[in-house]
Amino acid sequence: MTIKFTKYQGLGNDFILIDNRSSDTPLVSSEEAIKMCDRHFGIGADGVIFVLPGTKDTDYTMRIFNSDGSEPQMCGNGIRCLARFIAHLEGGETLGKTYQIQTLTGVISPRLEDQGQVKVDMGIPYLFANEIPTVLGNANEKVINRPLSVAGHTWLVTCVSMGNPHCITFVEDVWAIDLPTLGPQFENHPHFPERTNTEFIEVVRSDYLKMRVWERGAGITLACGTGACASVVAGVLTNQCDRHSIVELPGGCLTIEWSEIDNRVYMTGPAQLVFTGTYG
């Protein structure tokens with residue numbers, strides 16, 4: 001079967017977008033998604049995103065397969081790309097247009113901004129161990145600056161869920177971290193029953209963080225939107241950053257705000273069209 005696709009990227013975190021509005025079932029299997037994401041023998045991407053019909057109270061539904069075929073609950077950079085792709089499918093972008101998108105973690109609301117930016121209401125962060133999930137603490141406790149042994153070293157970690165699990169640790173120099181070695185060990189640590197995304201954070205100023213990430217199911221990526229959100233939340237919980245901060249990732253910067261007014265996290269960043277094509 002020949003599949004039409006459009007490729008977008010958000011700060012170098014790249015995705016294959018597929019118009020799946022004619023069916024409630026993804027047009028491509030997780031096994032085929034692995035092949036499509038292969039950077040040597042396929043299209044090349046961190047994941048495949050499907051635009052499916054919405055529910056009674058939403059405009060569309062988002063499904064995503066990671067490059068390893070697993071299905072995450074949500075993807076921050078991906079939903080920004082999705083919003084711009086939907087606007088393209090609808091015939092053009094309208095500044096200020098907001099979509100209600102059903103995801104596996106609930107309804108997420110991206111809004112189209114100028115200059116290719118998308119602002120996303122990422123919802124309220126989950127902070128208790130059983131919500132993340134992790135067994136680093138008791139079920140109804142927050143996991144803040146807890147010791148975790150990885151690769152013969154004890155790390156102080158803070159855990160946050162943005163609908164998907166994140167383990168955040170603050171370091172002096174993010175580029176001194178051996179991410180290819182440490183990332184898989186954090187991701188598959190037995191204290192995380194559903195595996196975890198892992199963020200290493202360097203505090204440059206109270207309103208400016210540097211971040212490197214190992215994504216669950218995708219490995220090293222140039223950016224992770226939910227990870228940037230979780231990292232600011234963790235920074236606030238550990239008194240290391242402001243509620244409104246810039247997060248610098250290898251692919252560029254995101255603006256993150258954890259609002260004191262409604263307790264919701266807002267992410268603003270770019271999403272750009274790369275190319276269109278057919279596969280198969």
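FYI, it's all coordinate maths here, none of it is from the lab. In this text the structure is predicted, and so the values were computed from the model without any measurement. Here the Cβ is made from the backbone with ideal geometry for all residues, glycine too, and neighbour counts use every protein chain on show.
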Qualifying GluC sites (Glu not before Pro) in the range 171-280, DSSP loop, other Cβ atoms within 10 Å at most 11: E172, E260
Part-to-part distance (alpha-carbon centres) for the range 243-280 and the range 151-211, which is given in Å: 19
Percentage of interatomic Cα-Cα distances in the range 161-270 larger than 19 Å: 38
Efficiency of FRET from Cβ geometry, F41 and N130, R₀ 35 Å, rounded to 0.05: 0.30
Qualifying lysines (Cα of each under 19 Å from Cα of K119; at least 8 residues distant if same chain): K97
Within the range 168-212, chymotrypsin sites (Phe, Trp or Tyr not before Pro) in DSSP loop having at most 16 other beta-carbon neighbours inside 10 Å: none
Per-residue [θ]222 nm for the chain (sum of -39500 (n - 2.57) over DSSP H runs n ≥ 4, rounded to 500): -5000 deg cm²/dmol
Fully extended contour minus Cα-Cα distance, from S70 to E31, at 0.36 nm per residue: 13.1 nm
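What does the charge dipole of the chain about its Cα centre add up to, to the nearest 20 debye, if the Cβ of each Lys and Arg holds +1 and the Cβ of each Asp and Glu holds -1?
Working: 21 positive and 32 negative charges, 50 e Å.
Approximately 240 debye in magnitude.
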Extreme residue, positive dipole direction of the range 18-132, given options S30, G116, L127 (C-beta unit charges): G116
Listed residues L52, A176, V107: farthest to the positive end of the dipole of the chain (Cβ charges): L52
Using alpha-carbon coordinates, inclination of helix 225-237 to the longest axis of the chain, degrees: 30
